[in-house]
Amino acid sequence: MSRTPSLRVAVLGAGTVGWPVIRAFLERPEKLAPFDGVPLTLAGVADTFMDRVIARGVPAAIVTDAPAHLVADPDVDVVVELMGGVEPARTLIAAALGAGKRVVTANKHVVAHHGAALEATAREHGGTFRFEAAVGGGIPILGPLAADLAANEVHQVRGIVNGTTNFILTSMREQGSAYADALAEAQSRGYAEANPRGDVEGDDAVNKVVILARLAFGAWLAPVDVRTAPPTLRGVGRPGVTGVTADEVAAAGALGLALKLIALAEIGADGRPAASVLPSAVERDSPLGRTDWVLNRIEVMADPVGTVAFTGPGAGGDATSSAVLGDLVTLARGGGSTWAGLAPASEASPGTDGADPLAVPRAWFAFVPGVVPEQVDLGPEAAVAAVQGGTAVRTGTLSLEQVRTALLTVAADGMDVTLYPVVE
Ligand code: HSE
């Protein structure tokens, strides 16, 4: 019996993102039948909690707790991996691509850490791999970067790409929340990863900047080479936002600055791509400074377009499901991989892509405890403000060595202070 042409979709994982995707099949099937494509139909759902999925309205006949069976099923055309984690997600994605299937995922860890191998597998076996949901939650950024901006020379991609940490920093600033309380709220809203350590230490943003760099610069950077810890007066600080204190958040505010976790990828002085994810200071009254709570913002600087920006909800199941469903509709319309149209990626050679983005002179922000502004002499370009417990400092353009030398003369013996790059 011939069946109406359609793309038969299996969803692996019915959790924070998976359930809104499945719900769209149940409640809005007309949105999954593009006018110029074939309809998408739900052919299988794999989840550990089968009873819960069935109770929510998925026909029992298509529910399983064995995702590998769906991947191997010749009647499944599209595998949507929303289980998260590394394994078995990576193996299942690789198997599906190796079988020439279409795969959609939101799994930024797997894409960032295994992207080079998965891309090679997909290209070799005719598989199609889409992962718009892996960066920026519901924001369409990878598609525009790979397609609409394809005729540009991209110089830099930067922005706020982790909703959990942006929520925490905004809550500390706006409501004086304690770090732990703000994190707990971000978790309860479904923004954080199952293990939020990856959010707060910057690894989630590293994964995203690696994926952005692949599409902007044509190379898979090694996540381990992306710096996440800011410099301090005497060494290296704690990664991501884990070292940010309430005093520093308040001190930044006194100078019209806001602290944000900024991911940045660019072509370095040596002509090779480099990336960083660093807690940084931005002008409060700037587009990045006004990007608060769960919002993400990604800015692309390129020739000939200039600067374009993408903003929207960067986390949360419903928002992220929008990107997954968009990828599915693209497949139903005959679209290819997220990198379609771009040359095969190179793998950046170890050691070259870790070029220190802080090697270039720049402005710095620091909160120096136990010091009054009169003690701090950083020249006419600097701004200082007295704040509770110390002095807020914004330097002019200085090398890391220069700012350390200047502040070491006033900091108490043995005291360490985080040096936040100012992103302008
Ligand atoms: N944990 C991630 C975030 C989810 O907070 O941004 C979206 O990738």
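Where a number appears in this text, it was derived from the coordinates with a stated rule and is not lab data. Nothing here was measured: the structure is a model prediction, and the numbers come from that model. Glycine also receives a Cβ, built like all others from the backbone with ideal geometry; neighbour counts cover every protein chain displayed.
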Most fluctuating residue of 259, 358, 328 in a GNM of the chain with Cα springs under 10 Å: which is it?
-> 358
So what is log10(I(q)/I(0)) for the range 7-130 at q = 0.22 1/Å, when the Debye sum runs over its Cα atoms only?
-> -1.30
So what's the net charge close to residue 122: Lys and Arg +1, Asp and Glu -1, counting the other residues with Cβ under 12 Å from its Cβ?
-> +2
Environment charge at residue 237 (Cβ cut-off 15 Å; Lys +1, Arg +1, Asp -1, Glu -1) = -1
Lysines whose Cα lies under 22 Å from that of residue 108, excluding same-chain neighbours fewer than 8 positions away | 208, 260
With each run of n ≥ 4 DSSP H residues scored as -39500 (n - 2.57), what mean residue ellipticity at 222 nm is computed for the chain after dividing by its residue count and rounding to the nearest 500 deg cm²/dmol?
-> -9000 deg cm²/dmol
Taking 7 Å along the Cα-to-C-beta vector as the label spot, tell me the residue 66-residue 424 distance in nanometres, rounded to one decimal.
-> 6.2 nm
Can you list the residues of the range 77-115 with backbone N under 18 Å from a point 7 Å past the Cα of residue 6, pointing along Cα to Cβ?
-> 77-80, 102
What distance in nm separates the simple spin-label points at residue 30 and residue 49, each placed 7 Å from Cα in the Cβ direction?
-> 3.2 nm
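Could you give the semi-axes, largest first, of the ellipsoid that matches the range 147-206, computed as the square roots of 5 times the alpha carbon gyration tensor eigenvalues and rounded to whole Å?
Details: eigenvalues 166, 35, 18 Å².
One finds semi-axes of 29, 13, 10 Å for the range 147-206.
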Tell me, what is the percent relative contact order of the range 364-423, built from C-alpha pairs under 8 Å that lie six or more residues apart?
-> 45 percent
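With N denoting the number of residues in the range 90-234, provide Rg(C-alpha) divided by 2.2 N^0.38 Å, to two decimal places. Please list the in-between numbers first.
On the way: Rg = 16.9 Å, N = 145, 2.2 N^0.38 = 14.6 Å.
It is 1.16.
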Sort largest first and round to whole Å: the equivalent ellipsoid semi-axes of the chain, each the square root of five times a Cα gyration tensor eigenvalue.
-> 43, 23, 17
Choice from 370, 37, 137 with maximal GNM fluctuation in the chain (Cα, 10 Å cutoff) | 370
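Quick one: net charge around residue 172, please, counting Lys, Arg +1 and Asp, Glu -1 for every other residue with C-beta under 11 Å from its C-beta.
Residues near residue 172 contribute -3 overall.
In the chain, what % of DSSP beta bridges are antiparallel (nearest 5)?
Values: 45 of 69 bridges.
Taking every DSSP beta bridge with both residues in the chain, the antiparallel ones total about 65 percent.
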Note on the range 232-342: the mean projected area of its alpha-carbon convex hull, in nm², is 10.5 nm²
Rank 96, 151, 258 by mean-square fluctuation in a GNM of the chain with C-alpha springs under 10 angstrom and give only the top-ranked residue.
-> 151
Residue 333 versus residue 156, label points 7 Å from Cα toward the beta carbon: distance in nm?
-> 3.3 nm
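If the convex hull of the alpha-carbon atoms of the range 142-314 is projected onto planes in all directions, what is the mean projected area in square nanometres? Each step should come with its number before you reach the end.
Details: hull surface 41.4 nm².
Average projection, Cα convex hull of the range 142-314: 10.3 nm².
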With θ set to phi - 60° and the Karplus curve 6.51 cos²θ - 1.76 cosθ + 1.60, what are the ³J(HN,Hα) couplings of the range 257-267 in order, to the nearest whole Hz, using x for Gly and Pro?
-> 10, 10, 8, 9, 8, 9, 9, 8, 10, 7, 7
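For the range 275-424, report the convex hull volume of the alpha-carbon atoms normalised per residue, in Å³, without decimals.
Numbers: hull volume 28.8 nm³, N = 150.
For the range 275-424, the hull spanned by Cα atoms encloses 192 Å³ per residue.
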Inverse mean reciprocal Cα-Cα distance (Kirkwood Rh) of the range 364-423, Å | 11.4 Å
